[in-house]
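*Asks:* First, the structure itself, so that you have it in front of you.
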Amino acid sequence: MDLKNKHFVIIATLLLAQSCKESVPKLRNIEGQRIQINYAATPKDSVENVIAPYRNRINEVLDSVLAYAPKAISKTEGTLNSPAGNLMADIVMQEVNPVFAARTGKQIDFVLLNFGSIRSVISQGDITERTAYEVMPFENSIVIAELDGKAIRAMVSFLTKSSVAHPISGIQIIVDKNKSLQAVNIQGKPFDENRTYYVATSDYLITGGDKMDFLKEYLTLTDSDYLIRNTLIDYFKKIDTLSAVTDDRFLQIN
């Protein structure tokens with residue numbers, strides 16, 4: 001085969017190979033349409049049939065009865081502390097302290113949460129997992145901050161000036177009729193400004209959320225990897241009857 005014919009064969013082969021390749025589609029245009037989603041929209045049976053088993057299973061889990069509340073538990077009942085706030089803070093102390101102790105060999109001294117984190121009344125009647133989601137719908141978890149005496153003093157000052165009852169546990173604050181500080185006790189002992197304390201709080205508050213900037217002054221920080229909502233669920237599973245009251249953890253004396 002002469003050189004001319006060789007060139008012809010090569011060119012023909014390349015052209016044939018090129019023609020055998022699949023053409024790559026190219027995007028030429030994009031059009032959008034606004035579809036309003038509301039209760040007037042009619043669900044498609046095909047989609048509903050896929051979703052229904054999952055929805056039914058979720059509802060079955062959320063609505064399974066864990067405990068019972070003889071009466072409603074609210075965060076607005078009480079002035080300096082509330083039944084709902086006390087309950088939530090006590091639950092965090094009970095459920096998270098064993099986790100913290102196992103990881104660090106130390107104990108939580110007290111708990112501080114915020115009034116706004118409690119999003120619903122616990123209604124009288126059956127307590128379910130859905131109750132926990134209603135009370136605490138956020139994905140906030142508990143962290144344990146080591147605070148020095150100065151930060152604790154700032155925290156107490158913040159709480160005595162607050163117009164709402166932020167949940168606390170493990171700490172007692174006593175003020176007079178003018179809300180001037182009289183005493184602070186932590187785990188039943190007078191507050192010692194020369195030592196550090198381990199405070200369980202939320203990952204939202206530790207960043208200074210709800211104006212709690214004193215929490216940002218932590219010396220060490222331990223993440224419990226424990227959602228506040230899950231502490232509620234775990235606690236509900238352990239009890240039969242749910243009760244909560246106001247007490248003397250934040251006390252005003254005449």
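The values are calculated or read from the model by the stated rules, or taken from the named source; none is laboratory data. These figures come from a predicted structure and were not determined experimentally. FYI the Cβ positions are ideal-geometry reconstructions off the backbone, even for glycines, and counts take in every protein chain you see.
*Asks:* Could you give every pair whose Cβ atoms fall below 6 Å, whose first residue belongs to region 203-229 and is in a helix (DSSP H, G or I), and whose second residue is surrounded by fewer than 18 Cβ atoms within 10 Å (Cβ to Cβ), counting only separations of at least 6 or pairs across chains?
*Replies:* Cβ pairs passing all conditions: PHE214/ALA154; LYS216/GLY208.
*Asks:* Okay, moving on. The conditions are (1) of a type outside the set (Phe, Trp, Tyr); (2) modelled with pLDDT under 85; (3) outside any helix (DSSP H, G or I), and ILE30 fails exactly one of them. Which is it?
*Replies:* Unmet condition: (2).
*Asks:* Looking only at region 132-169, count how many residues are in contact with a helix residue (DSSP H, G or I) (Cβ under 6 Å, 6 or more places away or on another chain) and either on the phi > 0 side of the Ramachandran plot or surrounded by fewer than 17 Cβ atoms within 10 Å (Cβ to Cβ) (or both).
*Replies:* 2
*Asks:* Now for a different question. Which of the residues spanning region 104-131 are free of Cβ contacts under 8 Å to residues at least 24 places away in the same chain and either acidic (Asp, Glu) or exposed (fewer than 14 other Cβ atoms within 10 Å of the Cβ) (or both)?
*Replies:* GLY105, ARG119
*Asks:* Further question: What pairs come out if I take residues in region 73-100 that are free of Cβ contacts under 8 Å to residues at least 24 places away in the same chain and pair them with residues that are assigned to a helix (DSSP H, G or I) and not acidic (Asp, Glu) whose C-beta lies under 9 Å away, six or more apart or interchain?
*Replies:* THR76/ALA84
*Asks:* Which count do you get for residues in region 173-216 that are surrounded by 22 or more Cβ atoms within 10 Å (Cβ to Cβ) and of a type in the set (S, T, N, Q)?
*Replies:* Going through region 173-216 one residue at a time, the tally reaches 2.
*Asks:* Go through ASN194, ASN185 for me and flag whichever is assigned to a strand (DSSP E or B), more than 23 Å from the chain's Cα centre (by Cα), modelled with pLDDT of 95 or more and of a type in the set (S, T, N, Q).
*Replies:* Going through ASN194, ASN185 in turn, just one is assigned to a strand (DSSP E or B), more than 23 Å from the chain's Cα centre (by Cα), modelled with pLDDT of 95 or more and of a type in the set (S, T, N, Q): ASN185.
*Asks:* Condition first: of a type outside the set (Phe, Trp, Tyr), touching a strand residue (DSSP E or B) at 6+ places or on another chain (Cβ under 9 Å) and more than 19 Å from SER169 (Cα to Cα). Can you find one or more residues in region 196-206 that meet it?
*Replies:* Scanning region 196-206, I find no residue that is of a type outside the set (Phe, Trp, Tyr), touching a strand residue (DSSP E or B) at 6+ places or on another chain (Cβ under 9 Å) and more than 19 Å from SER169 (Cα to Cα), so the answer is no.
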